[in-house]
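Engineer: Take this structure first; my questions come after.
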Amino acid sequence: MSTVLPRSDFLRIASERGFVHQCTDMAALDEKLRAGPLAAYVGYDCTADSLHVGHLISIMLLRLWQNTGNRPVVLLGGGTTRIGDPSFRDESRPLLTDAQIEANKRGIRGVFEQFLAFGDSGPGAIEVDNASWLDELRYIPLLREVGVHFSVNRMLTLDSVKQRLEREHSLTFLEFNYMILQSYDFRELNRRHGVAVQMGGSDQWGNIVMGADLIRRMDGAEAFGLTVPLLTTASGQKMGKTASGAVWLNADRLAPFGYWQFWRNTEDPDVGKFLRLFTDLPMAEIARLEVLQGAELNAAKAVLATEATALLHGRAAAEEAAKAASGDSAAGLPVIVVPEIADGIAAFALVQRAFGLASNAEARRQIRGGGVRLNDAPVTDEALVIGAASLAEDGAARLSLGRKRQVLVRAA
RNA sequence: GGAGGGGUGCCCGAGUGGUUAAAGGGGACGGACUGUAAAUCCGUUGGCGCACGCCUACGUUGGUUCAAAUCCAACCCCCUCCA
């Protein structure tokens, strides 16, 4: 939008690395940032027990925010998850129980420690849960204090709900309140922690703008919104799907090897973009990598995979995954223990177990389709009994499904 | 509350008594080709130790029938319009 280049470290780097989609007032925010450190927050609802790559771009933005001297605030939506954000969704989210939400919250919080430095002083990151204030709200006071600042006319025009209405799907009053509570969060964080900026995905634009407005109306304070682009792959797919579903950030949902593979399989035109967003590599280095042509670009993908994996799972795990992928070592492959292999187990049953397939039938299909290899030899007979003879001296057999999924199976 | 429309497999959507595990499309997965990319082409896409057979499935429950996603009843849910 603006032809004037930002002069604050944060906005300058965020812009050149491709993080900025929309900003409520780029010039004013730039000015503020140059005057001194600020606090910004991103909210994450506890809808699953792990975040996934779709969340990663905002986490990387918080990281950049901190690295440029500002304080990141991680908001876990223990309260708002009980509502369910309707933005750009056709149907209501399933209502989660409080116990599920609590469990999800526990699963999610760990990942931030990989990317941010927590602490009370200076730019130290802090974590808050909006349940701590939302739970205490009383209805009539809330309506009188906050509700008066919202125009239903305006809320109905937001893109985030328009499609739902136009397609004649039900939008419940429960869900319609989501944006009010998110706005309230922003105001609350502004009061409690001086948070002046809310960042988030582009789908959050409407909710964020409403919050900034609320702060201005209620407290006369200045607040900013900044959104990151919604990432799609070059071929137009929503990013973050892989062979076995979402690309989870928690290792118990997706092992480092699988995470590495996800990045390794980046489409050619996306390599530069992803290097800028998801690694800390200097721009000059990225410029060198992204111009590689044809098969040489694979080297850049390997760098992307290793760097991105190192940020999440640590350098050692990333190196192991890289080695496993190149075939140099099996150390980085996920290990699955299948005791029955000692006595012999049918190929389809082994495949089902090793890759967590939905059914034996699916495993059979994969074998029939020629997608399964055992120690690099194709498995063609779905009923083939696989036993101890297939295990190498180290007691493991290498089982592959397609080109991208590999595990080591052991008897114990 | 009233009137009308609708609920089909991961999604969209056809199907108004048997030949329907349910057309078609999308997505997904596998294969071929490649560079572990894209594009293209081919295959698969309910379960069961699975050629046979059995079981489960078209909002829910019950009924009619030799036979139901298809007919009937009640109920649940969604949409539109009207007070």
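Engineer: Let me confirm something: among A:ALA284, A:ALA295, which residue is over 16 Å from A:THR232 (Cβ atoms) and within 12 Å of RNA strand B (Cβ to nearest atom)?
Structural biologist: Result: A:ALA295 is the single residue among A:ALA284, A:ALA295 that is over 16 Å from A:THR232 (Cβ atoms) and within 12 Å of RNA strand B (Cβ to nearest atom).
Engineer: Only one of (1) within 13 Å of RNA strand B (Cβ to nearest atom); (2) in contact (Cβ under 8 Å) with a residue 60 or more places away in the chain; (3) aromatic (Phe, Trp, Tyr) is not met by A:PHE278, so which one is it?
Structural biologist: Among (1) within 13 Å of RNA strand B (Cβ to nearest atom); (2) in contact (Cβ under 8 Å) with a residue 60 or more places away in the chain; (3) aromatic (Phe, Trp, Tyr), the lone unmet condition for A:PHE278 is (1).
Engineer: Going through the range A:259-275 one residue at a time, which ones are surrounded by fewer than 23 Cβ atoms within 10 Å (Cβ to Cβ) and either charged (D, E, K, R) or in contact (Cβ under 8 Å) with a residue 60 or more places away in the chain (or both)?
Structural biologist: The answer is A:PHE262, A:ARG264, A:ASN265, A:GLU267, A:ASP268, A:ASP270, A:LYS273.
Engineer: Could you tell me whether the range A:124-131 includes any residue that is in contact (Cβ under 8 Å) with a residue 40 or more places away in the chain and either more than 18 Å from A:HIS193 (Cβ to Cβ) or part of a helix (DSSP H, G or I) (or both)?
Structural biologist: Here is the first cut: in the range A:124-131, the ones in contact (Cβ under 8 Å) with a residue 40 or more places away in the chain are A:124-131.
From what is left, the residues that are either more than 18 Å from A:HIS193 (Cβ to Cβ) or part of a helix (DSSP H, G or I) (or both) are A:131.
Yes, the conditions are met somewhere in the range A:124-131.
Engineer: Among the residues of the range A:344-401, write down those that are near RNA strand B (Cβ under 8 Å from one of its atoms), without any contact (Cβ under 8 Å) to a residue 12 or more places away in the chain and in a loop (DSSP other than H, G, I, E, B).
Structural biologist: A:ALA358, A:SER359, A:GLY369, A:GLY370
Engineer: If you don't mind, there's one more thing I want to ask. Condition first: away from RNA strand B (no atom under 16 Å from the Cβ), touching a residue at least 24 places away in the same chain (Cβ under 8 Å), among the charged types (D, E, K, R) and under 16 Å from A:LEU134 (Cβ atoms). Can you find one or more residues in the range A:164-184 that meet it?
Structural biologist: no
Engineer: Name the residues in the range A:304-335 that are farther than 10 Å from A:ARG264 by Cβ, out of contact with any Lys or Arg (no Cβ under 9 Å at 6 or more places or on another chain), more than 11 Å from RNA strand B (Cβ to nearest atom) and in a helix (DSSP H, G or I), would you?
Structural biologist: A:GLU307, A:ALA310, A:LEU312, A:HIS313, A:ARG315, A:ALA316, A:ALA317, A:ALA318, A:GLU319, A:GLU320
A short reminder: the numbers here are calculations on the coordinates, not readings from a lab. Please read these numbers as outputs of a predicted model, since none were measured by experiment. For neighbour counting, all protein chains shown are included, and Cβ atoms are generated from backbone atoms with ideal geometry for every residue, glycine included.
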